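What follows is calculated from the coordinates using simple rules that are stated; it is not laboratory data. Remember, predicted model here, so these are calculated numbers, not experimental data. Here the Cβ is made from the backbone with ideal geometry for all residues, glycine too, and neighbour counts use every protein chain on show.
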Amino acid sequence: MRLREIETRIKELRNAIAYSRNEQKIMTIGEGICCNLEIASWFRVLDGQSSQPRYTISEIVNDKVLDINDCIIEENWVKPEII
């Protein structure tokens with residue numbers, strides 16, 4: 001994956017976690033943890049520690065992430081800032 005694709009993927013995962021926590025609790029805590037594991041794997045790729053992520057979420061969780069991101073676009077939802 002190219003840099004922009006990796007950054008987009010990380011953003012999708014982070015937004016899905018935030019939306020789920022703040023809005024509708026769509027994902028379980030375990031699914032959120034899995035998303036964070038993938039995010040960490042992508043950061044290792046960006047840091048040059050590996051050429052491919054060592055962990056990616058399952059297809060079922062990925063479907064939830066994609067559905068949540070569709071909701072985010074439809075609702076024009078903005079991730080709240082952490083204070």
Helix 59-75: angle to the longest alpha-carbon principal axis of the chain, degrees 0 to 90, nearest 10? 50
Which residue fluctuates the most in the chain, going by a Gaussian network model with Cα springs under 10 Å, if the choices are 68, 33, 17? 33
Work the Kirkwood hydrodynamic radius out for region 3-75: mean of 1/r over every pair of different alpha-carbon atoms, inverted, in Å. 12.4
Quick check on the exposure proxy: order 55, 19 from fewest to most C-beta atoms within 10 angstrom. 55, 19
Could you tell me the relative contact order of the chain? Use alpha-carbon pairs under 8 Å, at least six residues apart, and round to a whole percent. 33
Highest to lowest packing among 37-43, 71-77, 20-26, scored as the average C-beta count within 10 Å: 37-43, 20-26, 71-77
